[in-house]
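> Below you'll find the structure I mean.
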Amino acid sequence: MNILNNVVILDTETGGLDPLTHSMMTIGLVSGDGTHQLEIWVAEPEIIADPRALAVNRLDPAEVAEKGVSPSEACDRVDNFLRTVDPSRGRPMVVGHNVAFDNAFMRRMYTMAGREVNPAFSHRTVDTHTLLWGLIATGKLPPNVNGSDAAFAHFEVAPPESLRHTALGDAVATRDLLEKLLSLLAE
């Protein structure tokens, strides 16, 4: 049995760091086995974005408004995607890099849509940043491998530059990073 069969990797690109203020802009989801991928552009009724966030994720709020779906439609698409991940094993485990950040924005989106938050976006998650910290603390990784850029470079899993800081590109890279971290933990 492969533990990754019931895992979903999540990454979001947002209008800033505060889920109480800033907008969800894009969502990237990848099944743990890598066979299913989805990117959703989310057009909130009013897109609130900090220019510093837009400089990182290279998103244009006007393009997001044009291409995006409503928060309610985004919730439908997320829920449908989650059902593709080994439904025989129950609720999938959500994994991400600093996943509490992404989870907070997912919860915000479901609330904005007037929907019950999907149980996958609960407090039970796996954070690759925390796994890195543990491997550094136990001497299995050098101290400088403490963020996504450094981890992607160290494990040679970084997405092409054009996909870096896109929700789907970072979700795919985080899935690859998770495999590398699990292998290192098994040593």
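> Just checking, does region 38-49 include any residue being of a type in the set (D, E, K, R), at pLDDT 95 or above, closer than 23 Å to Thr125 by Cα and outside any loop (DSSP other than H, G, I, E, B)? Walk me through it before giving the result.
Step one: list which residues in region 38-49 are of a type in the set (D, E, K, R), which gives 39, 44, 46.
Pick out the ones that are also at pLDDT 95 or above and you get 39, 44, 46.
Going one step further and asking which of them are closer than 23 Å to Thr125 by Cα, we end up with 39.
When the remaining residues are screened for being outside any loop (DSSP other than H, G, I, E, B), the result is 39.
Yes - at least one qualifying residue is present in region 38-49.
> Let me ask another. Take the conditions at pLDDT below 95, surrounded by fewer than 20 Cβ atoms within 10 Å (Cβ to Cβ) and farther than 15 Å from Ile9 by Cα and apply them to Leu182. Does it pass?
Values: at pLDDT below 95: yes; surrounded by fewer than 20 Cβ atoms within 10 Å (Cβ to Cβ): yes; farther than 15 Å from Ile9 by Cα: no.
Spelling it out, it is not the case that Leu182 is at pLDDT below 95, surrounded by fewer than 20 Cβ atoms within 10 Å (Cβ to Cβ) and farther than 15 Å from Ile9 by Cα.
> I want to confirm something. Restricting to region 22-54 and keeping residues that are β-branched (Val, Ile, Thr) and closer than 15 Å to Arg108 by Cβ, which single residue is surrounded by the fewest Cβ atoms within 10 Å (Cβ to Cβ)? Full working, then the answer.
Of the residues in region 22-54, the ones β-branched (Val, Ile, Thr) are 26-27, 30, 35, 40, 42, 47-48.
Pick out the ones that are also closer than 15 Å to Arg108 by Cβ and you get 26-27, 40, 42, 47-48.
Details: Thr26: 21, Ile27: 26, Ile40: 24, Val42: 30, Ile47: 19, Ile48: 13.
Going through the qualifying residues, I end up with Ile48.
> In region 45-61, which residues are within 16 Å of His165 (Cβ to Cβ) and charged (D, E, K, R)?
Asp50, Arg52, Arg58, Asp60
> Turning to a different aspect of this structure: Of the numbered conditions (1) surrounded by 15 or more Cβ atoms within 10 Å (Cβ to Cβ); (2) in a loop (DSSP other than H, G, I, E, B), Leu17 satisfies every one except a single condition; which is it?
The failed condition is (1).
> For region 131-159, which positions are under 16 Å from Asp11 (Cα atoms) and in a loop (DSSP other than H, G, I, E, B)?
Matches in region 131-159: Gly147, Val157, Ala158, Pro159.
> I'm checking my understanding of the structure. Among residues of region 135-164 that are touching a residue at least 40 places away in the same chain (Cβ under 8 Å) and over 27 Å from Leu59 (Cα atoms), which one is surrounded by the most Cβ atoms within 10 Å (Cβ to Cβ)?
Per the criteria, the residue is Leu141.
> A further question on this structure: Does at least one position in region 63-78 carry a residue that is modelled with pLDDT of 95 or more, within 24 Å of Asp176 (Cβ to Cβ), in contact with a Leu (Cβ under 8 Å, 6 or more places away or on another chain) and outside any strand (DSSP E or B)? Give the derivation first.
Our first condition is that a residue be modelled with pLDDT of 95 or more; within region 63-78, this holds for 63-78.
From the residues that got through so far, the ones that are within 24 Å of Asp176 (Cβ to Cβ) too are 77-78.
So of that shortlist, the ones also in contact with a Leu (Cβ under 8 Å, 6 or more places away or on another chain) come out as 77-78.
Next cut, outside any strand (DSSP E or B) only: 77-78.
Among the residues of region 63-78, at least one is modelled with pLDDT of 95 or more, within 24 Å of Asp176 (Cβ to Cβ), in contact with a Leu (Cβ under 8 Å, 6 or more places away or on another chain) and outside any strand (DSSP E or B), which makes the answer yes.
> Looking for something of a type in the set (Ser, Thr, Tyr) and in a loop (DSSP other than H, G, I, E, B) - is there at least one such residue anywhere in region 107-119?
So the first thing to find is which residues in region 107-119 are of a type in the set (Ser, Thr, Tyr), and the list is 110-111.
The next check asks that each one be in a loop (DSSP other than H, G, I, E, B); those that pass are none.
No, the conditions are met nowhere in region 107-119.
> State which residue is farthest from the chain's Cα centre (by Cα) when the search covers only region 87-106 and only residues that are more than 19 Å from Gly28 (Cβ to Cβ) and either at pLDDT 95 or above or in a loop (DSSP other than H, G, I, E, B) (or both).
Taking region 87-106 and keeping what is more than 19 Å from Gly28 (Cβ to Cβ), we get 87-91.
Applying the additional criterion that residues be either at pLDDT 95 or above or in a loop (DSSP other than H, G, I, E, B) (or both) yields 90-91.
Details: Gly90: 20, Arg91: 17 Å.
Across region 87-106, the extreme among qualifying residues is Gly90.
> Now for a separate question. Go through region 65-90 and count every residue that is in contact (Cβ under 8 Å) with a residue 40 or more places away in the chain and either in contact with a Cys (Cβ under 7 Å, 6 or more places away or on another chain) or of a type outside the set (S, T, N, Q) (or both).
Residues of region 65-90 that are in contact (Cβ under 8 Å) with a residue 40 or more places away in the chain, as a first pass: 68, 70-72, 74-75, 78, 81-82, 84-86, 89-90.
Subsequent filtering for residues that are either in contact with a Cys (Cβ under 7 Å, 6 or more places away or on another chain) or of a type outside the set (S, T, N, Q) (or both) retains 68, 71, 74-75, 78, 81-82, 85-86, 89-90.
Final tally of qualifying residues: 11.
The values are calculated or read from the model by the stated rules, or taken from the named source; none is laboratory data. All figures in this text were calculated on a predicted structure; none of them were measured in a lab. So basically every Cβ, Gly included, is an ideal-geometry build from the backbone, and we count neighbours across all protein chains shown.
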